[in-house]
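Reading through the structure tokens given below for one structure.
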Amino acid sequence: MQITVMKSKIHRVKVTQAELNYVGSITIDEDLMDAAGLIENEQVHIVNNNNGERFITYVIKGERGTGMICLNGAAARRVQIGDIIIIIAYGSMSQEEAKTFKPMIVFPDHNNHLVG
């Protein structure tokens, strides 16, 4: 049996842009993507700490080192610039695999940059 387990999380990043007139997605600074093990077009769940919204979209690479977190298309209606969000990706694996699996969790600073 396969179960769904959190594989990656970017915890508490600030929304820097919201672009309604764009094909839907979330644009993420490539440094954050790499640190969390996310790839372009991967499905992610977004949790907005400011308003409680939860939704699903996919990842687009943002310019490395910028701290960019931009919600695009319809997702732009679910955030405000400055909102704090959590980005989560899940993967499927066996229960045995899941018992020892360690997700990649990133805790960026207040400017969405990697710490340490």
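The values are calculated or read from the model by the stated rules, or taken from the named source; none is laboratory data. Just so we're clear, the structure is a prediction, and the values are computed from it rather than from any experiment. FYI the Cβ positions are ideal-geometry reconstructions off the backbone, even for glycines, and counts take in every protein chain you see.
Observations
- Flag if Val15 is in contact (Cβ under 8 Å) with a residue 60 or more places away in the chain and crowded, with 20+ Cβ neighbours inside 10 Å: yes
- Pick from region 19-52, criterion in contact with an Asp or Glu (Cβ under 9 Å, 6 or more places away or on another chain) and part of a strand (DSSP E or B), ranking: surrounded by the fewest Cβ atoms within 10 Å (Cβ to Cβ): Val47
- From the list Lys14, Lys7, the one residue that fits, being farther than 30 Å from Ser94 by Cβ and not small (Gly, Ala, Ser), is Lys14.
- Selection count where residues are within 23 Å of the chain's Cα centre (by Cα), of a type outside the set (A, V, I, L, M, F, W, C) and either surrounded by fewer than 14 Cβ atoms within 10 Å (Cβ to Cβ) or not in a strand (DSSP E or B) (or both), scope region 84-99: 1
- Residue check, Gly73 in contact with a Phe, Trp or Tyr (Cβ under 9 Å, 6 or more places away or on another chain) and either at pLDDT 95 or above or over 17 Å from Asn112 (Cα atoms) (or both): yes
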